[in-house]
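Chemist: Submitted below is the structure of interest, expressed as structure tokens.
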Amino acid sequence: SQTIHQWPATLVQPVGSPLSLECTVEGTSNPNLYWYRQAAGRGLQLLFYSVGIGQISSEVPQNLSASRPQDRQFILSSKKLLLSDSGFYLCAWIEPGRHHGQYFGPGTRLTVT
Amino acid sequence: DAKTTQPPSMDCAEGRAANLPCNHSTISGNEYVYWYRQIHSQGPQYIIHGLKNNETNEMASLIITEDRKSSTLILPHATLRDTAVYYCIVSFYSGGGADGLTFGKGTHLIIQP
């Protein structure tokens, strides 16, 4: 069966520090992968998506970046965090060609202080 | 911006059917209606999707009006564990490309004991 992992579960980082969040999917191959952010009191916002290794598309220009070094690994990074980067970060995947909803991970709660 | 309109909150008694409405008057002919829910501090969970016909699965039923401008998610026998924010989303499905979702604020469904 397929599972999706995210770590860390929670993170507190000072303004200006770097960030690296990791997402891995098991039990499938060549998934489409997505990063979303949910700021306090707001809906989910799509940040990045990837349809293959090394292929990243950005939905919202900002100080975040994403990478996909392996088929089932998706990383969200920042060189210098801003206070506005605080939020709940969610990774999701879907199997291309199979029409089903996206499967979301447990999320990482980031607080920038 | 989200292309759907949902009531911000609803109450339902435990054991009764919960009917969650969604307006999507600008939906295009090949856009699907998806429903997700998010229990507090967890990642969203896919519930059901449909195009034109009514759909039913083990979790819920989806009723789409003939003009496709609105839909209703039905939880037939609500339990306390169904308390969550429910999101109605309209989106294209490409089958292999980037089908990122745009989440609005959803409906906070509270199941009362």
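Chemist: Taking the convex hull of the alpha carbon atoms in chain B, what volume per residue do you get, in Å³? Don't skip to the end; give the middle numbers.
Modeler: Numbers: hull volume 11.7 nm³, N = 113.
Enclosed volume per residue, from the Cα hull, is 104 Å³.
Chemist: Only Lys, Arg, Asp and Glu count, each charged at its Cβ (+1, +1, -1, -1), so figure out the dipole size of the protein assembly as shown about its Cα centre, rounded to 20 debye. Working shown, then result.
Modeler: Numbers: 16 positive and 16 negative charges, 87 e Å.
The calculated dipole for the protein assembly as shown is roughly 420 debye.
Chemist: At R0 = 30 Å, how high is the FRET efficiency between A:Leu83 and A:Thr3 if r is their beta carbon distance? Nearest 0.05 is fine.
Modeler: The calculated FRET efficiency here is 0.35.
Chemist: What list of ³J(HN,Hα) values in whole Hz, one per residue of the stretch A:18-27 in order, does the Karplus curve 6.51 cos²θ - 1.76 cosθ + 1.60 (θ = phi - 60°) give from phi, with Gly and Pro shown as x?
Modeler: x, 9, 8, 10, 10, 9, 10, 10, 10, x
Chemist: For B:Lys3, which sequence-distant residues (separation of 5 or more, or a different chain) have an amide H within less than 5 Å of its own amide H, given hydrogens modelled in the peptide plane?
Modeler: Amide H neighbours of B:Lys3, under 5 Å, 5+ apart: B:Val90.
Chemist: Convert each backbone phi in the stretch A:31-44 into a coupling constant with the Karplus relation 6.51 cos²θ - 1.76 cosθ + 1.60 (shift: θ = phi - 60°), then list the ³J(HN,Hα) values in order as whole Hz, x for Gly and Pro.
Modeler: Once θ is set to phi - 60°, the couplings for the stretch A:31-44 become x, 7, 10, 9, 10, 10, 10, 10, 7, 4, x, 10, x, 6 Hz.
Chemist: Let me ask another. Taking R0 as 22 Å, what's the FRET efficiency between A:Glu26 and A:Arg98 from their Cβ-Cβ distance, rounded to 0.05?
Modeler: On the way: r = 17 Å, r/R0 = 0.75.
FRET efficiency, A:Glu26 to A:Arg98: 0.85.
Chemist: Obtain the nm distance between the two label points defined at B:Arg81 and A:Gln45 by a simple spin-label model: each point lies 7 Å from its Cα along the Cα-to-C-beta direction.
Modeler: Label at B:Arg81, label at A:Gln45, 3.4 nm between them.
Chemist: Under 1.5 on a/c is rounded, so check that first for the protein assembly as shown, then, if it is not, pick prolate when a/b is larger than b/c and oblate when it is not; a ≥ b ≥ c are the square roots of the alpha carbon gyration tensor eigenvalues. List each step's numbers first, then the result.
Modeler: Working: a/c = 1.89, a/b = 1.47, b/c = 1.28.
It comes out prolate by the Cα gyration axes.
Chemist: Measuring from centroid to centroid over Cα atoms, what is the spacing of the stretch B:1-34 and the stretch A:29-104 in Å?
Modeler: The stretch B:1-34 and the stretch A:29-104 have Cα centres spaced 25 Å from each other.
Chemist: A follow-up question, please. Along the charge dipole of the protein assembly as shown, which of B:Ala18, A:Gln55, A:Pro31 sits closest to the positive end, that is, farthest toward it, with unit charges on the beta carbon of Lys, Arg, Asp and Glu (+1, +1, -1, -1)?
Modeler: A:Gln55
Chemist: Placing +1 at every Lys and Arg Cβ and -1 at every Asp and Glu Cβ, with all other atoms neutral, what dipole size does chain B have around its Cα centre, in debye to the nearest 20?
Modeler: On the way: 8 positive and 10 negative charges, 22 e Å.
So the magnitude is around 100 debye.
Chemist: Just to confirm the filter: which trypsin sites (Lys or Arg not before Pro) across the stretch A:1-109 are DSSP coil and have at most 11 other Cβ within 10 angstrom of their Cβ? Let's see the in-between values first.
Modeler: Working: sites: A:Arg37, A:Arg42, A:Arg72, A:Lys79, A:Lys80, A:Arg98, A:Arg109; in loops: A:Arg42, A:Arg72, A:Lys79, A:Lys80, A:Arg98.
Answer by residue number: A:Lys79, A:Lys80, A:Arg98.
Chemist: Quick query: amide H of A:Leu47 versus all other amide H atoms, modeled in the peptide plane; which residues come in under 5 Å with a sequence gap of 5 or more or a different chain?
Modeler: Residues meeting the criterion, in which the H sits 1.01 Å from N, are A:Trp35, A:Tyr36, A:Arg37.
Chemist: Also, quick follow-up: Using the 4.7 Å Cβ rule, please list in number order the cysteines from the protein assembly as shown without any candidate partner.
Modeler: B:Cys12
Laboratory data are not the source of any read-out in this text; all were calculated from the coordinates shown. Just so it is clear, the model here is predicted, and its values are computed rather than measured. Counting neighbours? That spans all protein chains shown, and the Cβs are built from the backbone with ideal geometry, glycine included.
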